[in-house]
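The structure under discussion appears below in the form of structure tokens.
The values are calculated or read from the model by the stated rules, or taken from the named source; none is laboratory data. Fair warning: this is a prediction, and the values are worked out from it, not measured in the lab. So basically every Cβ, Gly included, is an ideal-geometry build from the backbone, and we count neighbours across all protein chains shown. Note: accessible area is taken over every heavy atom of the protein model, side chains too, but ligands, DNA and RNA are not part of it. Shrake-Rupley method; radii C 1.70, N 1.55, O 1.52, S 1.80 Å.
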Amino acid sequence: MGRLDGKVALISGGARGMGAEEARLFAAEGAKVVLGDVLHEEGSKLAQEIGGLYVPLDVSREADWNEAVATIEREFDGLHVLVNNAAILKRARIEDTSLDLFEQVIAVNQTGVFLGMKAAVRLMKNSGGSIVNISSTAGIRGPANNIAYVASKFAVRGMTKVAANEFAAYGIRVNSVHPGLIETPMLDDFYDQAAIDAFAARQLINRLGTGREVAEMVLFLASDASSYSTGAEFICDGGVTTGNRQ
């Protein structure tokens, strides 16, 4: 028996990185997986690989969310799990951050989570289930040169708690996951190997995390194994928010 047998799961940003690992694991655990992304070729290929369904989804557009949920309703007549995984990272000092850049990050990372929960709850309130919002250790602390990203990830942490309060009456649990330094394409876009190695060496678990490790935590929250957890923060960071190696 799979841990998600009989459940329908929608994963935003599911075409690559952590989202793709979540999709593969969910499918292996019996879920009917719907991938939403703007990477159409990669998303379609992965959906075919795991026997899932791909839907075009720009998370900053309410119409895209509504269409994705309508498609799920037509195809499966229900939704049990939502993983708000899609995110972008734009690094800059506060004084060098343009309003356009700030708003671009907020639109995807923060507004996208709000729109996802708003669209999905219409179906999920009929069956209950689990919403997992992917935040970051940047939603716990405030690293320099990341004003837009940090603002968005702190917001995800707070919105998770609001949703947990509002959706409890529907039997829907809502939790946030806070990954640290994880091996993903996003990481390679912003840090060279020397910087990554130096950062990882200072962690209590002195290596990068993997997408599979984050996916395992997301699976726990999506499944009935976490049935008494809601409105909580689950950290997967190699100990970086606790301290550095001595």
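Some values worked out for this structure:
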| item | result |
| --- | --- |
| For the range 201-242, alpha-carbon Rg and Dmax in angstrom | 12.1, 35 |
| Loop sites in the range 150-208: trypsin sites (Lys or Arg not before Pro), DSSP, at most 13 other Cβ within 10 Å | Arg207 |
| Net charge of neighbours whose Cβ lies under 11 Å from the Cβ of Thr210, counting Lys and Arg as +1 and Asp and Glu as -1 | -2 |
| Other-chain or far-sequence residues with amide H under 5 Å of Ile235's (modelled H) | His178 |
| Relative compactness, the range 25-67, computed as alpha-carbon Rg over 2.2 N^0.38 Å | 1.18 |
| Shape of the range 102-150, Cα gyration tensor, a/c cut at 1.5 | oblate |
| The range 1-27 and the range 150-206: distance between their alpha carbon centers, rounded to Å | 17 |
| Sequence-distant residues sharing a close amide H with Arg173 (under 5 Å, placed H) | Gly129, Ser130, Ile131 |
| Three-way shape label, the range 49-202, alpha-carbon gyration tensor, a/c 1.5 | prolate |
| List Arg93, Arg141, ordered by accessible area with a 1.4 Å probe, largest first | Arg93, Arg141 |
| Residue-count net charge about Ser135 - beta-carbon cut-off 15 Å; Lys, Arg +1, Asp, Glu -1 | +1 |
| Accessible area per residue, Å², the range 10-84 with all protein chains present, probe 1.4 Å | 42 |
| Calculated FRET value between Lys45 and Ser229, using beta carbons and R₀ = 22 Å, to 0.05 | 0.05 |
| Stretch gain in nm, segment Arg122-Glu103, where the contour uses 0.36 nm per residue and the Cα spacing is subtracted | 4.1 nm |
| The chain: relative contact order in percent, alpha carbon pairs under 8 Å with at least 6 residues between | 19 |
| With DNA, RNA and ligands ignored, accessible area of Phe154 (1.4 Å probe; Å², nearest 10) | 80 |
| Environment charge at Glu233 (Cβ cut-off 13 Å; Lys +1, Arg +1, Asp -1, Glu -1) | +3 |
| Contact order relative to length of the range 1-101, as percent, for alpha carbon pairs under 8 angstrom and 6 or more apart | 30 |
| Percent carbon-and-sulfur accessible area, the chain, ignoring ligands, DNA and RNA, probe 1.4 Å | 50 |
| Among Glu103, Glu62, Glu49, residue whose mean-square fluctuation peaks in a GNM of the chain (springs only between Cα atoms under 10 Å) | Glu49 |
| Histogram of C-alpha separations across the range 169-246, 10 Å bin width, % | 17, 41, 27, 12, 2 |
| Gain upon complete extension [Asn145, Tyr191; 0.36 nm per residue less C-alpha separation] | 15.3 nm |
| Dipole in debye (nearest 20) - the range 54-207, about Cα centre, beta carbon charges: Lys, Arg +1; Asp, Glu -1 | 680 |
| The range 106-200, accessible area per residue, ligands and nucleic acids excluded (1.4 Å, Å²) | 39 |
| Sequence-separation-based contact order of the range 43-116, relative, with Cα cut under 8 Å and 6+ spacing, percent | 36 |
| Dimensionless Rg/Rh of the range 1-83 - Kirkwood Rh, Rg from C-alpha atoms | 0.94 |
